[in-house]
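For reference, the structure discussed in these notes is given below.
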Amino acid sequence: MSLTASSLRDLHRIHQQYADLNDRLAAGPLRVTAAEAAVQQLQTTFDEVKENYTQARVQTDDQQLQLQEREQRITDTRGKLNTCATNKEFQTLKDLIETDVEENDLLADKILEMLEDLDEHESNVNASQEDLNKASHELEKIRTVVEAAQTGLESDLQRIQTELEKAEASLPGDLRTDYRRIAAAMGEDALASVDDDVCGGCYQTLTPQTINELLMSKPVFCKSCGRLLYMAGDSDSPTGE
Ligand SMILES: [Zn+2]
């Protein structure tokens, strides 16, 4: 088994693809969860707004009923005016009618205001319903998109996993053990390219000795961050095979 810069470069690339696919697989359900939370929030708002409307409706109906009942009492009292035996009785009924008429005038004004409020409550309900519908449709759309993407991502991940295992198997045996230990802990950060004598993982400048070992295709770990190093660029070191 040989250790070439290009084989390590491939291994790192596969590692990064694997991590990227894993991130994308996790991102889908998170999008769905966020959209679900948005729908739930709007549902709560809608329930509140609807309840406010119902309360206002009940109160308005109640006041309208009072108005009608007093209206009826005025009519009834007026009917009794002709049957009064005394002047005093007549005057009492007249006073009663006058009071009821005054109170109903006030109540009618109040009801008018309540009806205006009710209109406002109703348009709040409609606006809230519209927001909720939009968010629900959006949630369904996201669910569909995510569901469709997950299958593709899962099969991509499987393919990359196989590639990763193949690339790992091609590492020299003694290096493979060390590499596996770091990869288990660091994932795609188990490897780093070296560019201009600098570790691509932690940006520390490497010693000339480290660079020499790399050029001789020896397995080298960064003394500062622990990553397995390989030379950046397209050409392999000449002593690779
Ligand atoms: Zn480093």
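The values are calculated or read from the model by the stated rules, or taken from the named source; none is laboratory data. Computed from a predicted structure; not experimentally measured. Neighbour counts run over all protein chains shown; Cβ positions are idealised from the backbone, glycine included. Quick note on the areas: whole protein, heavy atoms, side chains included, nothing else; ligands and nucleic acids left out. Shrake-Rupley method; radii C 1.70, N 1.55, O 1.52, S 1.80 Å.
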Given the criteria closer than 15 Å to residue 16 by Cα and more than 16 Å from the ligand (Cβ to nearest atom), does residue 168 qualify? yes
Within the range 171-192, the residues that are assigned to a helix (DSSP H, G or I) and more than 16 Å from the ligand (Cβ to nearest atom) are 173, 174, 175, 176, 177, 180, 181, 184
Output for Cβ contacts, cut-off 9 Å, separation at least six or different chains, first residue open to solvent by 40 Å² or more (accessible area, probe 1.4 Å) in the range 161-174, second part of a helix (DSSP H, G or I) and among the small types (Gly, Ala, Ser), reads 170/7
Taking the range 205-218 and keeping residues outside any helix (DSSP H, G or I) and either open to solvent by 70 Å² or more (accessible area, probe 1.4 Å) or within 14 Å of the ligand (Cβ to nearest atom) (or both) leaves 205, 206, 207, 216, 218
Of the residues in the range 182-200 that are touching a Leu at 6+ places or on another chain (Cβ under 8 Å) and not β-branched (Val, Ile, Thr), the one that is surrounded by the most Cβ atoms within 10 Å (Cβ to Cβ) is 191
Discussion item. Residue under question is residue 179, and the condition is that it be without any contact (Cβ under 8 Å) to a residue 60 or more places away in the chain and open to solvent by 90 Å² or more (accessible area, probe 1.4 Å); does it hold?
Written reply: no
Log entry, pairs with first residue in the range 66-89 being farther than 30 Å from residue 111 by Cα, second being open to solvent by less than 100 Å² (accessible area, probe 1.4 Å), beta carbons closer than 8 Å, six or more apart or on different chains, reads 84/90; 84/93
Restricting attention to the range 221-233, the residues that are over 20 Å from residue 184 (Cβ atoms) and open to solvent by less than 50 Å² (accessible area, probe 1.4 Å) number exactly 3
